[in-house]
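J.: The structure follows.
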Amino acid sequence: ETVTMAVPYSEYGPHVGDQDALKLTVSGTVEETGQVVAKELRVRLRTPDLTLTLLGPAVVGQETQVQVVFQNPLPEPLKGTVLRMEGSGLSCPKPVAV
């Protein structure tokens, strides 16, 4: 027999935090024998893609513009989000509040 269960974000979201995985455990009891059966599944949550696009020519010694595109997959707005850009010649990561 196949049983389908939905796991809505509203239930697991508050418990995920910085983790990128869910651990699901299903258990049941065989009525006739009283035997307990269980199975555990670790599900890695897919992180959204960042798309970087150079908006002009990249010339040594000159500033260049980079567009970063990110699609929030969550059903709620993100808060306190910061992107940090690193690259050759940058003395430290450049934070950008989003």
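The values are calculated or read from the model by the stated rules, or taken from the named source; none is laboratory data. All values reported here derive from a predicted model rather than from experimental measurement. Backbone-built Cβ (ideal geometry, glycine too); neighbour counts: all protein chains shown. Remember, those area values only see protein heavy atoms, side chains included, never the ligands or the DNA or RNA. Shrake-Rupley method; radii C 1.70, N 1.55, O 1.52, S 1.80 Å.
J.: Scan the stretch 52-74 and give yes if some residue there is in a strand (DSSP E or B), open to solvent by less than 90 Å² (accessible area, probe 1.4 Å) and at pLDDT below 85, otherwise no.
T.: No; the residues of the stretch 52-74 include none that is in a strand (DSSP E or B), open to solvent by less than 90 Å² (accessible area, probe 1.4 Å) and at pLDDT below 85.
J.: Let me ask you something else. Looking at (1) surrounded by 10 or more Cβ atoms within 10 Å (Cβ to Cβ); (2) in a strand (DSSP E or B), can you tell me which one Thr25 breaks?
T.: Tallying (1) surrounded by 10 or more Cβ atoms within 10 Å (Cβ to Cβ); (2) in a strand (DSSP E or B), Thr25 fails exactly one: (1).
J.: Among Val30, Val37, Val82, which is the only one that is open to solvent by less than 80 Å² (accessible area, probe 1.4 Å), hydrophobic (A, V, I, L, M, F, W, C) and under 17 Å from the mean Cα position of the chain (by Cα)?
T.: None of the other options fit; the residue is Val82.
J.: For the subset of the stretch 40-51 comprising residues that are under 21 Å from Met5 (Cα atoms) and exposed (fewer than 10 other Cβ atoms within 10 Å of the Cβ), which member is modelled with the lowest pLDDT?
T.: Step by step, filter the stretch 40-51, then rank; the result is Arg46.
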